[in-house]
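Heads up: the structure comes next, in structure tokens.
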Amino acid sequence: MRMKSSAAAIRETRSPDAHPDRFRINPFTFGLLGALGVLVALLIGSIIGQLATVLVYTGVALFLALGLDPIVSRIERRLPRPAAVAIVVIVVLLAFAGIVLAIVPVLVKQISNLVQSAPQVVDDVMASEWYRQLTAQFGSNFDDAVASALKFLQDPSNIGQIGGGLVAVGAGIAGGVTGITIVLILTLYFMGSLRGMKRLAVRFVPAYQRPRFRELLEDVSGAVGRYVIGQMSLALINGVLSLIMLSIIRAPLPALLALIAFIGSLIPLVGTLSASIVISLACLIESPTTALIAAIYYLVYMQIEAYVLSPRIMSRAVAVPGALVVIAAVAGGALGGVLGALVAIPIAASLIIIVQKVVFPAQDRKTEAPEGRVAPIVAGVRVTSENKS
């Protein structure tokens, strides 16, 4: 009798006349809601695209603040936190001003010298042995290509195009300086309000989960901070050594190339390799021998960085797999350029920490299979062992 009643209940719920107003959606309403959902998604995507630069600036500043927070915490052991933050802020501002004052005049002088010596450089290149070998190998086609390039540069009608390119480069440099200034200001703000931001984030979590969430937040911020400061240390080492090496081999624009090496080293694997290729190709302006020396140096340096420097400096930071670094850097670069690639790596590190601290422990606690499966739902009625019997 019990089985019959259960079967009758199931048939009743399956019949279309049992609940005429239940599970019935007007096709027009369904289509309208779907179209509205698509429009909202497109609107959100457009807003995010418009605000991509702002989001990237904010992300870079936040991760820089996390990287400087361990230094603030160490100074805080002897001084109040406002004084510790003020000391770090002053040091950061002085360091930034010192870098600008040290690099910008040198860059301006080197670029001016390069422009003045450009005709002599062209003559030296055309008189070099490797140029004669290329001419002998490719014949008149190579000479015609070089002659066309020189004719384009010497034609007054093309000055406007060249000037437009220079204006675009100048606008790009001005935009970069503006972006660096914004990131610096946001970093200083985040440094002063980092603890308040953490307390506010904890308030969004239910009270019984706050201790665990607070611990997870500290783990994530600490590991990411160590990762950021460790990567900046590696970049500083690469930049200084590159400046010394490039000055010794008399590479063109050594200060600018060293700056490229520093920025590239902020992105593991991808950035260091890309910067090394760019610098080696730039050294071809001087001579193939200079480019070969630079290429050999960076090949040796990347091995030393991978097996000596990085394990010691990054030992306390989270280890990000190489494949994930490449994927994150490419995705971040596609979304936000160089700054996007810089932000993508710490985000990947944060996700790794969350997986290690939350997902893996939750899975490890599941040592036994559940006693029974979740009862299936048939036509709105949960079928249990009772109504099966």
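What follows draws every value from the coordinates through simple rules; no lab data is involved. Please read these numbers as outputs of a predicted model, since none were measured by experiment. We place every Cβ from the backbone using ideal geometry, glycine too, and count neighbours over all the protein chains shown.
A few remarks follow.
- Between ILE87 and SER46, the simple label model (points 7 Å from Cα in the Cβ direction) yields a spacing of 5.2 nm.
- For the range 258-353, relative contact order (Cα pairs under 8 Å, six or more residues apart, normalised by length) works out to 22 percent.
- Alpha-carbon centroids, the range 184-230 and the range 76-104: separation in whole Å: 21
- Per-residue 3J(HN,Hα) values for the range 208-214, derived from phi via the Karplus relation 6.51 cos²θ - 1.76 cosθ + 1.60 with θ = phi - 60°, read 6, 9, 5, x, 5, 5, 5 Hz in sequence order (x marks Gly and Pro).
- Phi-derived couplings, Karplus 6.51 cos²θ - 1.76 cosθ + 1.60 at θ = phi - 60°, listed residue by residue for the range 177-189: 5, 4, x, 4, 5, 4, 4, 5, 5, 5, 4, 4, 5 Hz, with x used for Gly and Pro.
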